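Worksheet for the structure shown next.
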Amino acid sequence: MAPSPCGAYFTATSGSALTPTGGDSARPPVTKEHPHDRPAAGLLDGLTATTHWGAYSELAVWGATPTAERVVEHLDRRIITAAGVSAGIDMALRLTELLADRTAAQASQLMIEYDPQPPFDSGARAKAGDEVMARVREYDAQRD
C-alpha cells in the first residue's frame, strides 16, 4: 500500500474490517475476518456504524450504534463502514475520492463498470416484504 496524503482510514464492510497500516508501504494491510477479532480496539465506541443487516447485533461488540445507512463516514476519526457487497463498492469509490480525487474515483467506477440498476427494489431490509424475509430466513437456516 502506498502512503496516502490523507493518512490511514479504518474501514469495515459486512463481517470484516480492513485496517490500513497508516501509509507504511513496507507492511501490507491487516485484514480481520470478523468484528470480534478486535473488540478491545475501541475504534467504533460511541459512533454510528453500518454492516450487513444480519450482523447489526455484532456492532455492539465494537461499541457502535447500528444504522441502516449504506455507507457511514466518521472522517474526523478516519473511519468508514459499509453495509453489504454493493455498499462496499460505494465505500471503496469514496475512499478513492478521499485518497486521490473525484476523477480517480469516477475512473475506477468506469473501469469496473459499476452502474447498478438492479431488476428488483428489495436490496435493503426496509424494502423487503414479509415473503422475501421468510425466504431469507429459510436460506439462512440451511447454512447452519
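Just so it is clear, none of the values below were taken in a lab; they were calculated from the coordinates. Predicted model, so just to flag it, every value in this text is computed and none were measured. Quick reminder, even Gly has a Cβ in these numbers, built from the backbone with ideal geometry, and neighbours come from all protein chains shown.
How far apart, in nm, are two points set 7 Å out from the Cα along the Cα-to-Cβ line at Thr48 and at Glu97?
Modelled inter-label distance: 1.7 nm.
Please find the FRET efficiency linking Val132 to Met111, where r is the Cβ-Cβ separation and R0 is fixed at 25 Å, and quote it to the nearest 0.05.
Working: r = 33 Å, r/R0 = 1.30.
Efficiency computed from Cβ-Cβ geometry: 0.15.
Give me the three principal axis extents of region 63-144 from the C-alpha atoms, as integers in angstrom, largest value leading.
43, 35, 23
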